[in-house]
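A quick write-up on the structure given underneath.
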Amino acid sequence: MKARSVLLLGSLGAALIAFALASPGVIAADMVDPVADAKAFQNFFFQKFPNVKHEDFVNGPYSMNEDMKRQWQEKEEFPPYEFALEAGKEMFSTPFKNGKTYADCFPNGGIGIRQNYPYFDTGEGKVITLELALNRCREANGEAPYSYVKDEMASLTAYMAYTSRGKPMEIKIPDDPRALAAFENGKRYFYTRRGQMNFSCASCHVQSPGERIRAETLAPALGILNAMPIYRSEWSGMGTTSRRFVTCNSQTRAVPLEPQSDEYRDVEYFLSYVANGLPISGPGARP
Amino acid sequence: MASSIRVRATSSGDITEVQALIQHPMDTGLVKDSKGELIPAHFIQQLRFECNGKDVFVADWGTAVSKDPYVKFSFKGAKKGDEIKISWTDNKGGSDTTTAKIA
Amino acid sequence: MKRSLSLAMLLALSLAPSARAANEADYKAAYAAAEAASKEAAGMRNQWTVTASALAAAKKAADGGDFDRAVAAAREAEALAKASIFQAVSEKEAWKAMEIR
Amino acid sequence: MTTTTRPHPTRRLILQGAASVALLGLGNLPLAPARAAANDKYPEEAFRQKSEADAIKSLYGKTAEPSDKVKLDAPEIAENGGVVPISVTTTLDKVTSISLFVAENPNALAASYRIPDGTIPAVANRLKMARTTKLTAIVEADGKLYSATKEVKVTVGGCGG
């Protein structure tokens, strides 16, 4: 039973709205099985939107609304993230003070590898996202790290995403209990309700993709990070994955966590893994 | 220094299609910044495209043109390799110019 | 599994303000309680933005000497903090019901 | 070239700002006197007019008649009021100018393009719209004005709270 009207009502500030959401699911088994989770996750969206081509899910709201898709395609001819992309390309090849460049920190010189991020570092025992790896590369070469939510980081990840465009998302979960725990923690975060609005990521991106919450058409959760980083007309600027998580939290009136904190990296791990096989489409333009 | 103007000019037969994206805030003068003060109007007023010594397209813009403005048009009478000169001026006397070869 | 989340919050918010005018001591007590609950919520990494703003409003009202409003705002902050704690506790298991299997 | 970041006016402020403000604070006015007809001078006067009718009169000095030879392409519901892709094409010939008017904006005239001969009478651009509005394209062909109109719904983007 979809609580569509409640969602539209959702922002009066009172926390007195109770949702009785019947949801497709049985009590979770305690054994973590990412392969089965990914399969179920993808099938849920394929069945819910049978006429959306599988690879179209990565286009977020545009896979849900024809009129918006046409506007988006028109903008893609000369997209607003063009400047960030070129700035990223220039920054990527500008050597640090010590003469090294980002290419020295990444496999294949950083070209065409975005689809493998985030990955689980068995040495450190935690999820490493592209944004974290970029800042670590800067610090390893004596440079100050960039803010995770500002333009410089968005330009770098825009360029790296661009070099992977079209490649299927390819996230691996090593046979390591800590990796399974990180995946599960990301899944837990994705389905947990928070903020005074009492929404979880799933409340919007699983229960009601394609519908509107106020003026915005909600993107499906499947492939939702494939287009990162995104130029959002609403921000009239670029947004990294970190910026999107932080703003989503505050929109549900939950105090955001530190960018790149465990929950954010793990939920990025979970969302990227379940989108395995769908193409990278970043950098993206969004409303 | 990269120019604020990105141009793509492609010709097919006698028709050249020109697309331009310009990095400019296009502030309307009606917007308050985070401290509550009005950001003064700052927008491109005139954008001129010249090819082979004559104007091929002139845009007069107001404050309703989007940030990082985009424009597309086509014209006849030019061929691959010809050069297009693009220049803009804004209401604060700012300006920029660049040239692009027709691909 | 139906949660009575809203019911608990409804009750928490409708605390009856004390009859006589509040004074600084009342405010200090109410603020301390609110701050404790808010810290606990933050500790569970489930703080709400409105809790922080209610606390700030309480402090501002108290600085202005309006202790009635300050106590009311502090009580509201406490209620919101408690609601966010209730949410965090109940969601520890509740999230599984929404999971796509 | 790194992009400088200045305090960021959120897009919503722009929409609210555009919608609510009555007093219009346009930038400084260049000294050159503005002549009525569309010529190579920047039509300052026309851009200052509030209503569509005044803007058309100030820019062209005559009125337009609707014509199906002017094709105006705009979204039904704008994805975001700040970036609305709009294009105009026409089969009329001897076209000298194409202009776009957003009725509900503080100033109706949004953009005006001069089409020298040899240039295809068509243009695509991205405009801002304060709220749901009537959008009018006017083509000046052989001295006469032809128009096409479309309504564009604009919602305020973003979720409050």
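Within segment D:98-112, the residues that satisfy the criterion of being over 8 Å from the mean Cα position of the chain (by Cα) and facing another protein chain (nearest Cβ under 7 Å) are D:Asn105, D:Pro106, D:Asn107.
Among the residues of segment A:188-205, are any of a type outside the set (A, V, I, L, M), in a loop (DSSP other than H, G, I, E, B), within 15 Å of the chain's Cα centre (by Cα) and more than 8 Å from every other protein chain (Cβ to nearest Cβ)? Checked against the condition, which is being of a type outside the set (A, V, I, L, M), in a loop (DSSP other than H, G, I, E, B), within 15 Å of the chain's Cα centre (by Cα) and more than 8 Å from every other protein chain (Cβ to nearest Cβ), segment A:188-205 yields no hits at all. Within 20 Å of C:Glu91 (Cα to Cα), out of contact with any strand residue (DSSP E or B) (no Cβ under 9 Å at 6 or more places or on another chain) and away from chain D (no Cβ under 14 Å): is that true of A:Glu258 in this structure? No, not satisfied. Look at A:Thr192 and say whether it is within 26 Å of A:Lys126 (Cα to Cα) and touching an Asp or Glu at 6+ places or on another chain (Cβ under 6 Å). The answer is yes for A:Thr192. One residue stands out in segment A:193-229 among those that are basic (Lys, Arg) and within 22 Å of C:Val50 (Cβ to Cβ): the one that is surrounded by the fewest Cβ atoms within 10 Å (Cβ to Cβ), namely A:Arg214. Checking each residue in segment B:37-49 for being more than 8 Å from chain D (Cβ to nearest Cβ) and at pLDDT 95 or above picks out B:Ile44, B:Leu47, B:Arg48, B:Phe49. Screening A:His205 with (1) more than 22 Å from A:Leu85 (Cβ to Cβ); (2) at pLDDT below 95; (3) touching a helix residue (DSSP H, G or I) at 6+ places or on another chain (Cβ under 9 Å); (4) not acidic (Asp, Glu) gives one miss only, at (2).
Please determine, by comparing only the residues of segment A:29-55 that are more than 22 Å from A:Ser208 (Cα to Cα) and surrounded by 10 or more Cβ atoms within 10 Å (Cβ to Cβ), which one is modelled with the lowest pLDDT. So the residue we want is A:Ala29. Taking segment A:229-273 as the range and being among the hydrophobic types (A, V, I, L, M, F, W, C) and either in a helix (DSSP H, G or I) or within 24 Å of A:Asn198 (Cα to Cα) (or both) as the test, the residues that pass are A:Phe245, A:Val246, A:Cys248, A:Ala254, A:Val255, A:Leu257, A:Val267, A:Phe270, A:Leu271. In the set D:Ser99, D:Ser67, D:Ser112, only one residue is farther than 23 Å from B:Phe75 by Cα, modelled with pLDDT of 95 or more and surrounded by 13 or more Cβ atoms within 10 Å (Cβ to Cβ); that residue is D:Ser67.
The condition of being surrounded by fewer than 18 Cβ atoms within 10 Å (Cβ to Cβ) and either in contact (Cβ under 8 Å) with a residue 60 or more places away in the chain or within 30 Å of A:Ala38 (Cα to Cα) (or both) holds for C:Glu93.
When every residue of segment B:89-96 is checked against the conditions, none turns out to be closer than 16 Å to D:Ile98 by Cβ, facing another protein chain (nearest Cβ under 9 Å) and β-branched (Val, Ile, Thr). Given the criteria at the interface with another protein chain (Cβ under 10 Å from one of its Cβ atoms) and within 15 Å of the chain's Cα centre (by Cα), does D:Lys150 qualify? Against the criterion (at the interface with another protein chain (Cβ under 10 Å from one of its Cβ atoms) and within 15 Å of the chain's Cα centre (by Cα)), D:Lys150 does not qualify. Can you say whether A:Glu234 is within 9 Å of another protein chain (Cβ to nearest Cβ), among the acidic types (Asp, Glu) and either touching a helix residue (DSSP H, G or I) at 6+ places or on another chain (Cβ under 7 Å) or without any contact (Cβ under 8 Å) to a residue 12 or more places away in the chain (or both), as far as the supplied structure shows? Yes; evaluated as a whole, the condition is true for this residue.
All told, A:Met160 falls short of being within 14 Å of another protein chain (Cβ to nearest Cβ) and under 29 Å from B:Val7 (Cβ atoms). Go through the residues of segment D:115-130 one by one and say whether even a single one is more than 7 Å from every other protein chain (Cβ to nearest Cβ), in contact with a Pro (Cβ under 8 Å, 6 or more places away or on another chain), crowded, with 19+ Cβ neighbours inside 10 Å and under 30 Å from A:Tyr231 (Cα atoms). Yes.
Flag: D:Thr132 does not match the condition of being in contact with a strand residue (DSSP E or B) (Cβ under 8 Å, 6 or more places away or on another chain) and more than 30 Å from A:Trp235 (Cβ to Cβ).
Look at B:Ser34 and say whether it is facing another protein chain (nearest Cβ under 10 Å), small (Gly, Ala, Ser), touching a residue at least 40 places away in the same chain (Cβ under 8 Å) and out of contact with any helix residue (DSSP H, G or I) (no Cβ under 7 Å at 6 or more places or on another chain). No, not satisfied. The requirement of being assigned to a helix (DSSP H, G or I), more than 14 Å from chain D (Cβ to nearest Cβ), in contact with a helix residue (DSSP H, G or I) (Cβ under 6 Å, 6 or more places away or on another chain) and at pLDDT 95 or above is not satisfied by A:Ala181. Scanning segment D:37-54 turns up no residue that is touching a strand residue (DSSP E or B) at 6+ places or on another chain (Cβ under 6 Å), part of a strand (DSSP E or B), of a type in the set (Asp, Glu) and closer than 29 Å to D:Thr155 by Cα. Only residues that are under 15 Å from B:Ala100 (Cβ atoms) and within 11 Å of the chain's Cα centre (by Cα) were counted in segment B:32-69, giving 4.
Looking only at residues of segment B:8-20 that are surrounded by fewer than 22 Cβ atoms within 10 Å (Cβ to Cβ) and closer than 14 Å to B:Thr98 by Cβ, we find that the one that is farthest from the other protein chains (Cβ to nearest Cβ) is B:Arg8. Residues in segment C:59-101 that are outside any helix (DSSP H, G or I) and over 24 Å from C:Asn23 (Cβ atoms): C:Glu99, C:Ile100, C:Arg101.
Among the residues of segment A:60-83, those identified as in a helix (DSSP H, G or I) and out of contact with any Phe, Trp or Tyr (no Cβ under 7 Å at 6 or more places or on another chain) are A:Gly60, A:Pro61, A:Glu66, A:Asp67, A:Arg70, A:Gln71, A:Gln73, A:Glu74, A:Lys75, A:Glu76, A:Glu82, A:Phe83.
Inclusion of A:Ala133 among residues that are among the small types (Gly, Ala, Ser), at negative phi, surrounded by fewer than 17 Cβ atoms within 10 Å (Cβ to Cβ) and in a helix (DSSP H, G or I) is not warranted. Does A:Gly223 qualify as being closer than 30 Å to B:Val65 by Cα and either within 14 Å of chain D (Cβ to nearest Cβ) or in contact (Cβ under 8 Å) with a residue 60 or more places away in the chain (or both)? For A:Gly223, the condition - closer than 30 Å to B:Val65 by Cα and either within 14 Å of chain D (Cβ to nearest Cβ) or in contact (Cβ under 8 Å) with a residue 60 or more places away in the chain (or both) - is not met.
The values are calculated or read from the model by the stated rules, or taken from the named source; none is laboratory data. Here the structure is a predicted model, which means the values were calculated and not measured. Ideal geometry is used to build each Cβ from the backbone, glycine not excepted, and the neighbour counts take in all protein chains shown.
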